[in-house]
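**Q** Pasting a structure here, questions to come.
Read the figures in this text as sums done on the coordinates, not as results from a lab. None of these values were measured; they are calculated from a predicted model. Cβ placement follows ideal geometry from the backbone for every residue including glycine, while neighbour counts extend to all protein chains displayed.
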Amino acid sequence: MSHQLRHFDSSRFVLPVVGMLAIFASAAVAQSTEPESEPPLDVDALAVLTDRPVLDVTLGIWFPRLEGTINIGPNGTDLDAGDDLSLDDSQAIFNGEARVQSGRWEFLLGGYVVNATGNATLTGPTRIGGLFAPAGTAVDSSVDVWSITGEIAYSIFTPFRDRRFAWSDPVDRSKGNRTSDGRPIIDLRFEVLFGTRFINLEQEYDLAGIGTVGTNNTWVSPYLGVGIELDWDTRETLGFLDRIAFDVTAGWGPAFAGGNSSLTIRVDGAFYVTRDLALTLGYRLNDFDLARDETAYNGGLQGLFAGVRYTW
């Protein structure tokens, strides 16, 4: 009897201990199988991704028109590129640009080559390059323009990156400016820029039965300007596009070696069908007021632009 009592007392002690161990084991297993909560965004890592160097190349077709007033030689007659010489027909030319962005800095290199030709009949007596042509003289005109531009821009104000407002906060996804994978929804940049443009202007005018006049000169034009860039991540609002980028740039400066000034305006909208590939639509204006050796050209090129952009 005493042996049974001792066994009963041992059972009363062992069973609660075993039960407690089972409870702890169950809790440990449940904790190990419970999915981990999503870690908070690493702000420093996101900043590194945002500031990594990015290269994009834009290749496309520009449809410019040559406009302006031409005057060649001593006591030359002012001739309108369109009304008098029929040089203002729109044409399709290749235009390319390469741009590198690193943090707040941006570097751009671009250029174009344009050849405009026209056949017209002079409506009045004209003096060009020392030659005199009476009204009714046929003139074949050719104007070649090539230009190379290098540009450096610095972002002086980036409100969404600087976290100056509640909606700039990259940590709180409920109100922050981040998508579910950490990319910024809106990125806005206000820039100041410095650039240099090389402009070569070659002209030739063949006056029927009288002679030919030609000039070929190059100008250098450093310029200052401003720019605005807006990137909008549209994946969570427009499912068929990755993002949309808008870019507006304007710059003005003097033209050395006899020139007066040059003006540059670029407007672009890039529609990214993937993260790296975009279709671009825009507008280009390159206006110049150039003079040398009694030769003057006050006009420029402007027209729509369409192309493809790839980003690395």
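**Q** Using a cut-off of under 14 Å, list every residue of segment 186-229 whose amide N is near the label point 7 Å from the Cα of residue 292 along the Cα-to-beta-carbon line.
**A** 197-203, 215-222
**Q** If you filter segment 188-258 for GluC sites (Glu not before Pro), then keep DSSP loop positions with at most 14 other Cβ within 10 Å, what is left?
**A** Here the GluC sites (Glu not before Pro) that fit, given the DSSP loop and packing criteria, are 236.
**Q** Separate question: Once the other residues with Cβ under 10 Å from the Cβ of residue 115 are scored (Lys, Arg +1; Asp, Glu -1), what is the net sum?
**A** Summing Lys and Arg as +1 and Asp and Glu as -1 gives -2.
**Q** Rounded to the nearest Å, what's the spacing between the alpha carbon centres of segment 53-74 and segment 75-124? Just the number, please.
**A** 4 Å
**Q** Using 0.36 nm times the number of residues separating residue 226 and residue 52, minus their current alpha carbon distance, what extension gain do you get?
**A** Going from the current span to full extension adds 60.3 nm.
**Q** Which residues does the label zone of residue 89 cover in segment 98-117, counting backbone N under 18 Å from a point 7 Å along Cα→Cβ?
**A** 114-117
**Q** Now a separate question. What net charge do the residues around residue 65 carry, taking every other residue with its C-beta under 9 Å from that of residue 65, with Lys and Arg at +1 and Asp and Glu at -1?
**A** With Lys, Arg at +1 and Asp, Glu at -1, the neighbours total -3.
**Q** If Lys and Arg each add +1 and Asp and Glu each add -1, what is the summed charge of the other residues whose beta carbon sits under 12 Å from the beta carbon of residue 269?
**A** Taking every Cβ under 12 Å from that of residue 269, the sum is -1.
**Q** At most 16 other Cβ atoms within 10 Å and a DSSP loop assignment: could you name the trypsin sites (Lys or Arg not before Pro) in segment 46-111 that fit?
**A** 104
**Q** Report the gain in length on full extension from residue 308 to residue 157: 0.36 nm times residue separation, minus Cα-Cα distance, nm rounded to one decimal.
**A** Additional length available on full extension: 51.5 nm.
**Q** Here is a further query. Once a ≥ b ≥ c are taken as the square roots of the eigenvalues of the Cα gyration tensor of segment 214-293, is the result rounded (a/c under 1.5), prolate (a/b larger than b/c) or oblate (a/b not larger than b/c)?
**A** Prolate is the answer for segment 214-293, as a/c is 1.5 or above and a/b outweighs b/c.
**Q** Could you give the length gained by full extension between residue 123 and residue 105, i.e. 0.36 nm per residue of separation minus their alpha carbon distance, to one decimal place?
**A** The span from residue 123 to residue 105 would gain 1.2 nm if fully extended.
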